[in-house]
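Novice: Here it is: the structure, laid out below.
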Amino acid sequence: MGRGGFSTTESTRLLLLGVLALSVVLAEQEGENLSGLSDNPDKAIFAVRENSTTCLMVEFAVKFLVPYDVLALNGIDLITEQAYFTLPRSAEIEGKCGTTESEIHISWKNGAYVLRIYFSKDFRDKGLEVWKISRVQFVYDTSETSHFINAYNPGKHTASTHRLSALVTPAGRSFVCAAQQSFTLISSDHQKGISVTMYDIQLQPFDMASDFMFSEPFKCIMDQRERLEETLPLILGLILGLIIIITLTIYHFHLKLTANQPQLPRDRSMYKNM
């Protein structure tokens, strides 16, 4: 080998070192299930950590509505049934964090169900940087009999969204919403529509404030409207009460001023006779 070159042994050693270093980096990115910290039995908390620091965290409850085919009693026709189930708190977590793209994979029942949520950063008007959900994918197996009973031609199917731009949030903040956020996914099972609904949400896929801590919340429009609807009667009541108080105060001063003025007798004939 010429000067400055590497022998076969050295090249192999460097390659092994590179693979080992890559394995260490990948091993440092892990998912954690923190659902035990929630008092809500329907809510799950999942985190993705990189280099011992939280880089993505989700806190939500999720329910699924999945249509599937069963054979009719005549043994010829197919009819559609609906499977309804929720995301279990005991699910397993994987994920990837990046500067402009992140994702989380949530699986349960030995991989019979996998929910994948993809996030990305974007720029809006006036250079405002935001993040959003860019894609939702759901893998389900109709041969899994706890939810799919007597499914016709059972097997695995994949449902995905298309051209999604959901839960748009300013960069550096977490998305918070108690109201339901629903997504319609199109399945590989004869283009059936799968409904995935999230609620009691707090999500942040980028720029976490600190380990296991969400950044400043950005509330969804629906929660803002509901809060306005709750407080509007109180505000109107206060305004009405203020109007009544002002009216009574003006009337009181009017009576007081009227009482202090000299009263002229109504029968003025007595003055004519003087």
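The values are calculated or read from the model by the stated rules, or taken from the named source; none is laboratory data. Bear in mind that the values here come from a model prediction, so they are computed numbers and not experimental data. Heads up: the accessible areas ignore ligands, DNA and RNA and are worked out on the full protein's heavy atoms, side chains in. Shrake-Rupley method; radii C 1.70, N 1.55, O 1.52, S 1.80 Å.
Novice: Let me test this: with uniform point scatterers at the alpha carbons of region 112-155, what is the Debye-based log₁₀ I(q)/I(0) at q = 0.13, 0.17, 0.28 1/Å?
Specialist: Each listed q corresponds, in turn, to -0.49, -0.60, -0.92.
Novice: Can you tell me how much longer the chain between K156 and V168 gets when fully stretched, taken as 0.36 nm per residue apart minus their C-alpha distance, in nm with one decimal?
Specialist: Contour length minus the Cα-Cα distance gives 1.2 nm.
Novice: Across the Cα atoms of region 37-192, what radius of gyration and what greatest pairwise Cα-Cα distance (Dmax) are found, in Å?
Specialist: Reported Rg and Dmax, both Å: 17.7, 62.
Novice: Still on this structure, please answer the following. Any chance you could run the full-extension gain for K109 through K256? It's 0.36 nm times the residue separation minus the Cα-Cα distance, nm to one decimal.
Specialist: Length difference between fully extended and current span is 44.8 nm.
Novice: Something else about it: Which of the lysines could be linked to K126 by a straight reach, that is with a Cα gap under 22 Å, when you skip same-chain ones fewer than 8 residues away?
Specialist: Correct list for K126: K219.
Novice: Can you give me the solvent accessible area of M213 with a 1.4 Å probe, rounded to the nearest 10 Å²?
Specialist: For M213, the solvent-accessible surface is approximately 110 Å².
Novice: Further question: Please calculate the 1.4 Å probe accessible area of S102, with all protein chains present, and give it to the nearest 10 Å².
Specialist: Looks like 0 Å² after rounding.
Novice: Using Cα positions and a limit of under 19 Å, work out the lysines in reach of K109, with same-chain residues fewer than 8 apart set aside.
Specialist: The qualifying lysines are K43, K63, K156.
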